[in-house]
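Structure first, commentary second.
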Amino acid sequence: MSLKLTDDSHYTNIANAIRDKNGSIHKYRPGEMAAAIRSLNIGINPYGTLNITENNTNLSPYYDVTDYAAVTVKVPASAVVSGNLKITNNAEDIDVTTYKTVTVNVEAKKPSANLLITTNTNNINVMDYATVSVQVPASSVDTGSKSIATNGTHNVTGYASVIVNVPTDANPSGTFEIKKNGTFDVPNYAKVLVTVPASEVTNGAKPITSNGTFDVTNFKQAVVNIDANNVDSGTIKITSNGNHNVVGYAIAEINVPSTAEVYGNYDISTNGTFDISGYKTVRVNIDPREIVSGNLNIVKNSDDPIDVAQYSTVTVKVPASALADEANIKNITANGKYDVLSFAYANVQVPPRSVTSGTKTIDANGTYDVIEYQKVTVAVPDTAASRIGIEFTKDASGNFDGGIKLSKTGSATISIR
């Protein structure tokens, strides 16, 4: 066997490397070095998840994840946005990405338009108008029907129509409402109104234990009790640590490989769960635009700052109604044009007498439109009393004088006296 020479400095370097790894101060002979190297612990078995809720700071630029298998990053908007934005005008899509709150103070603009009101109504919103014109016709203030069963003059103020029915004999009238199944006596009614609800014809409960379409025609209720075994099926295979969605699966098969060595840094710029097996540190730096989205509609002023941390834009549309005192009401009792600039609502109550007048004469049974009249005079003549009587007269001596007398009542025959 031939002999070979080697430099002692090589053995010194190998011994120093072993002591650096195991932290000892032991001196090694060449024959001990192989065993010492085999006994070194060159890796760890990381496990668990580190939850991170804020970006790294300049003082601590990295998170140590040596002992973790995964990190879950959930950095809220409050951790990356700050400050307050003051808004004084209505606008759409105001960018509030870098602000935590907004203070809205939109000043009211003086309205100039006119609102035409043609019906009596409580609490009409007039905030966006400078004036209102009230023109309430009789058709808007007179409602309902008045039944008249006798001749004469009747007050129909407030009614839209009159039903004249001067009776000569008894007839069925009115409406009988029926709310359940059965047999009913209605000889004195002219009409029947049937309003039988579904609850009167259905009963019982339909049990449902699986997804699908079911006939519930004859049931009043449905009792749904679906077991997970009827909706979950199949197997999901998971090969990495972290949070996994298993909705819809009956079985989860886990097969996560182990990591023998960790090193390097992993950069994270969005929220989520990440597999950081094999990395020693993570650095989280999430831009606000990555975690805020959507638009917030603002429709009223606020003295306190409005939290917009979760939104990327705000749309301000503050209506006039949000800037005035809702208790300020303008009462209007006659047609005309009114200034409602300082009022939140207009309460219009135009009485019927201000828009109706005159008298309508009715001389036959029937239904008449009396919208434009204040009164009606009913004079339906009696057919028996409407005949004309003819009477021949005599003088004081009893002689026929040839005179004829006509009267409204009397016999239709001629009588000579």
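Derivation of every value follows stated rules applied to the coordinates shown; laboratory data play no part. Here the structure is a predicted model, which is why all the values come from computation and not from measurement. Positions of Cβ are generated from backbone atoms using ideal geometry, with glycine treated the same way; all protein chains shown enter the neighbour counts.
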Please list, ordered by chain and number, the residues whose modelled amide H lies under 5 Å from the amide H of Y368; skip anything fewer than 5 residues away on the same chain.
V162, V164
Taking H as built 1.01 Å from N, whose amide H comes closer than 5 Å to the amide H of K360, not counting residues under 5 places away?
K375, V376, T377
In sequence order, what are the phi-derived ³J(HN,Hα) couplings for region 15-32 according to the Karplus relation 6.51 cos²θ - 1.76 cosθ + 1.60 with θ = phi - 60°, rounded to whole Hz, with x for glycine and proline?
5, 5, 5, 5, 5, 5, 6, 9, x, 9, 10, 5, 9, 10, 7, x, x, 9
HN-Hα couplings for region 49-57 via Karplus (6.51, -1.76, 1.60; θ = phi - 60°), in whole Hz with x for Gly/Pro, come out as 10, 9, 8, 10, 10, 8, 5, 5, 9
Pair F214, T103: separation of 7 Å Cα→Cβ label points (nm)
5.8
Amide H to amide H, which residues 5 or more places from L296 or on other chains are under 5 Å from it, using H placed in the peptide plane?
T313, V314, T315
Computed FRET value (nearest 0.05) for N89 with H244, which takes r as the C-beta separation and R₀ as 41 Å
0.30
Inverse mean reciprocal Cα-Cα distance (Kirkwood Rh) of region 263-341, Å:
18.2
